[in-house]
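Every number here is computed from the coordinates shown, using simple stated rules; none is lab data. Remember, it's a predicted structure, so these values are computed and weren't measured experimentally. Cβ coordinates were reconstructed from backbone atoms using ideal geometry, including for glycine residues, and neighbour counts include every protein chain displayed.
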2 protein chains.
Amino acid sequence: MADLNEHTVTDAAVAQMANTPDPRLREIMESLTRHLHAFAREVKLTPTEWLAGIDFLTRVGQACTPYRQEFILLSDTLGLSRLVNVMDDRENRVGEATETSLLGPFYRENSPRFEYGQSIATRAKGPEMIMFGKVVDEAGNGVPNAIVEVWQTDAEGAYDLQANDPEVMDMRGQYRTDAEGRYAIRTLIPLGYSIPMDGPVGELVRKQQRHGFRPAHIHMLIGAEGYRELVTALYLGNDPNIDSDTVFGVSESLVVNLATGLNESPDPSVPSVRYDFQIAKRAAHDKSGRVGADPSKIAAE
Amino acid sequence: MADLNEHTVTDAAVAQMANTPDPRLREIMESLTRHLHAFAREVKLTPTEWLAGIDFLTRVGQACTPYRQEFILLSDTLGLSRLVNVMDDRENRVGEATETSLLGPFYRENSPRFEYGQSIATRAKGPEMIMFGKVVDEAGNGVPNAIVEVWQTDAEGAYDLQANDPEVMDMRGQYRTDAEGRYAIRTLIPLGYSIPMDGPVGELVRKQQRHGFRPAHIHMLIGAEGYRELVTALYLGNDPNIDSDTVFGVSESLVVNLATGLNESPDPSVPSVRYDFQIAKRAAHDKSGRVGADPSKIAAE
């Protein structure tokens, strides 16, 4: 038996994983182990700091509930979620499809159905806006019967899941495009908001003196038979934190500005924005599945 | 606003952490972020795999209880705990002090006091053994009134915390060395055991086709006023898994073999081992604190 030192322990750990039947799991765990060890060596992690890390990760896990996913929040604030999205885009995005953005922790399946131009604000009140346009294919032709899912904060910066009764859905819904691929959503102007600051991730972000805010945005998930699902978001260009998103979700092509008097808007008197979403045919090599991070599907009760 | 790609997102994340007032936290989080991103880039982590990772970490956190620390187990099986220990030893170990070993997830504070030669097996039954010797300083002189804490499995390979009533302590206790620094512990011969396999870490270890066993061992924590606390363990040399510990805890200098007929043993008819623990004065630069990973102090209820 050879004694393990700070370098050979890495090889020993990787060697114990060498019989993993799933080659992808083996590859991921070997790389993760090597990088994790390299990190610990680089900072000369002490036992006290290691224990603080164990304690932090434990609290992150225990902060997860069916309505809150603190590990996704941690990944978001570390820039990891954005990194994974960017790589997936490069690997699987086809042609001129709309850029993706983070799904975030507030997506929920089975949101209510609405008709063209109806408002998703069934309870919340505030200044209104309209988002309209088309879902188009790579050639720019409208895609009929596409599902356009939308979710956002209310005018006070809170999602329904953060309200007192998270069982009640509001400020989210699903639309179907018409025969020309058109959609129109009436909603409230979202407010930029702080990520949840009452958990361990918020504690860390405060210790880093980060403001913790996301610029105002509207989440979108767009799907159609035979097309790659598009998870994206539109960001309001006049938000003061548009350049310093705590979770690194903003892309220039997703920044929009509202204006009244747009003739094509279902109601030109309401501040509106036209945005066409371009979706791509699902590529044969597309390995990306549904990134449906519905917290209730992840966190054990 | 510049759009973030898979490389610039790393710099953007690090830049947002640049105002962290605590320089050590800044250093650790910057290094962690860079290595985490490098891992994700190296394996081209997909959204589906990322989500599986989120789910895994969430389940690890939720498996933690006051009596179980699944994140320490994860760290142990990845070789990270051993790495941190090895570095701490190199940094802070002085002279010929006894090597350290992993604390593991089963340490508990406030274990019962025993007198010289008494048995820690207050309930469990099985073949007995005796461990005796001295706690000595760097010059080899006995250290009187040192605390010798010991904890181990019973003869069936289970810790008290894994028994039906984890409130009841057994197979653990504290001794004080006498005026010559001597200690003697009567106990049961421990059995090698599997790490807990009913949680997410066990699931991973099974997917890696690792046997999941630790060789039989006795945990020790030795402390005396003015000396560096020593966390170590003695391993039984005849255990079949002595060379393939799932958590990489074994060091050659900590492997012992039992023998009957040792004259110095309090009872030479019982298989015994003499082991002297050498402890070092606490160095001025010693930043290591108590690595007291009592699960009940870490996991939220």
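Between copies, how far apart are the A:Ser194 label points? List them in nm, one decimal, shortest first, with each point 7 Å from Cα toward Cβ, please?
4.7
Roughly how many debye, to the nearest 20, is the charge dipole of segment A:137-280 about its Cα centre, given +1 on each Lys and Arg Cβ, -1 on each Asp and Glu Cβ, and no other charges?
Numbers: 10 positive and 22 negative charges, 69 e Å.
It works out to roughly 340 debye.
Counting just the Cα atoms, what span does chain B cover along each of its three principal axes? Round to the nearest Å and put the largest first.
Here the Cα extents, ordered largest to smallest, are 77, 43, 35 Å.
Order of A:Met17, A:Met87 from fewest to most other C-beta atoms within 10 Å? Before the final figure, lay out each step's value.
Working: A:Met17 24, A:Met87 21.
Sorted ascending by nearby Cβ count, the order is A:Met87, A:Met17.
With θ taken as phi - 60° and the coefficients 6.51, -1.76 and 1.60, list the Karplus ³J(HN,Hα) couplings across segment B:173-183 in order, rounded to whole Hz; mark glycine and proline as x.
x, 10, 10, 10, 6, 7, 4, 8, x, 7, 9
State, to one decimal in nm and shortest first, how far the label point of A:Asp3 sits from each corresponding label point in the other identical copies (label point: 7 angstrom along Cα-to-Cβ).
Counterpart label points of A:Asp3 in the remaining copies fall at 5.5 nm.
Placing unit charges on C-beta atoms (Lys and Arg positive, Asp and Glu negative, everything else neutral), compute the dipole magnitude of the protein assembly as shown about its Cα centre in debye, rounded to 20. Each step should come with its number before you reach the end.
Values: 60 positive and 88 negative charges, 2 e Å.
The dipole magnitude comes to about 0 debye.
Just the projected area, averaged over all directions, of the convex hull on the alpha carbon atoms of the protein assembly as shown: how many nm²?
Working: hull surface 115.0 nm².
It is 28.7 nm².
Any idea what the dipole of chain A comes to, in debye rounded to 20, about its Cα centre with Lys/Arg Cβ at +1 and Asp/Glu Cβ at -1?
On the way: 30 positive and 44 negative charges, 10 e Å.
The calculation lands at about 40 debye.
From the backbone phi of segment B:221-237, what are the Karplus-calculated ³J(HN,Hα) couplings (6.51 cos²θ - 1.76 cosθ + 1.60, θ = phi - 60°) in whole Hz, Gly and Pro given as x?
Calculated HN-Hα couplings, in order: 9, 10, x, 8, 3, x, 10, 6, 5, 10, 9, 8, 7, 10, 10, 7, x Hz.
Computed FRET efficiency, Cβ-Cβ of B:Ser194 and A:Tyr116, R0 56 Å: what is it to the nearest 0.05?
Values: r = 60 Å, r/R0 = 1.07.
So the FRET efficiency works out to roughly 0.40.
Would you pull out the residues with amide H under 5 Å of A:Ala184's amide H, same chain only if 5 or more places away, H placed 1.01 Å from N?
Residues meeting the amide H criterion: A:Gly117.
Peptides A:174-185, A:72-83: what's the order by average Cβ count within 10 Å, highest mean first? Before the final figure, lay out the partial values.
Working: A:174-185: 18.8, A:72-83: 25.7.
Result, highest mean first: A:72-83, A:174-185.
Sticking with the crude label model, points 7 Å out along Cα→Cβ, report the distance from A:Arg282 to A:Ala12 in nm, one decimal please.
About 4.7 nm, to one decimal.
Looking only at other chains, what is the average number of their beta-carbon atoms within 10 angstrom of each beta-carbon in B:237-247? List each step's numbers first, then the result.
Numbers: counts 1, 0, 0, 0, 0, 1, 2, 4, 4, 1, 2.
Averaged over the peptide's residues, the number is 1.
What is the distance in Å between the Cα centroid of segment B:78-149 and that of segment A:202-219?
45
Hey, which aspartates and glutamates would be in cross-link range of A:Lys125, C-alpha to C-alpha under 15 Å, not counting anything within fewer than 8 residues on its own chain?
List returned: A:Asp154, A:Glu156, A:Asp160, A:Asp170.
Give the residue from B:Ala146, B:Ile130, B:Val168 lying farthest towards the positive end of the charge dipole for segment B:114-170; charges sit on Cβ (+1 for Lys and Arg, -1 for Asp and Glu) and the dipole is referred to the Cα centre.
Of the candidates, B:Ile130 comes out farthest on the positive side.
With contacts defined as alpha carbon pairs under 8 Å and 6 or more residues apart, what's the relative contact order of segment A:85-182 in percent?
Working: 128 pairs, mean separation 33.6, N = 98.
Value for segment A:85-182: 34 percent.
Please list the helices of chain A that count as membrane-span-like by this rule: a mean Kyte-Doolittle hydropathy of at least -1.0 together with Cα atoms stretching 20 Å or more along the helix axis, each helix being a complete DSSP H run.
Details: long enough: A:23-43 (30 Å, -0.46); A:47-63 (24 Å, 0.18).
Answer set is A:23-43, A:47-63.
Given the C-alpha centroids of segment A:1-59 and segment B:1-74, what is the distance between them in whole angstrom?
One Cα centre to the other: 14 Å.
Please report, in cubic angstrom per residue, the volume enclosed by the convex hull of the alpha-carbon atoms of segment B:32-176.
Numbers: hull volume 24.0 nm³, N = 145.
Hull volume normalised by residue count: 165 Å³.
Which distances in nm, rounded to one decimal and ordered from shortest, link the label point of B:Asp243 to the equivalent label points in the other identical copies, with labels set 7 Å from Cα toward Cβ?
6.2
In peptide A:63-73, what is the residue-averaged number of other protein chain Cβ atoms found within 10 Å of each Cβ? Before the final figure, lay out the partial values.
Numbers: counts 4, 7, 1, 0, 0, 0, 3, 4, 8, 4, 0.
Neighbouring Cβ atoms belonging to other protein chains average 3 per residue here.
What does the structure give for A:106-115 when I average, per residue, the other chain Cβ atoms found within 10 Å of the residue Cβ?
Working: counts 0, 0, 0, 0, 0, 0, 0, 0, 0, 0.
Counting other chains' Cβ atoms within 10 Å and averaging over A:106-115 gives 0.
What residue of chain A sits with its beta carbon nearest the rotation axis taking A to B, and at what distance in whole Å?
Closest to the rotation axis on chain A: A:Gly61, 0.
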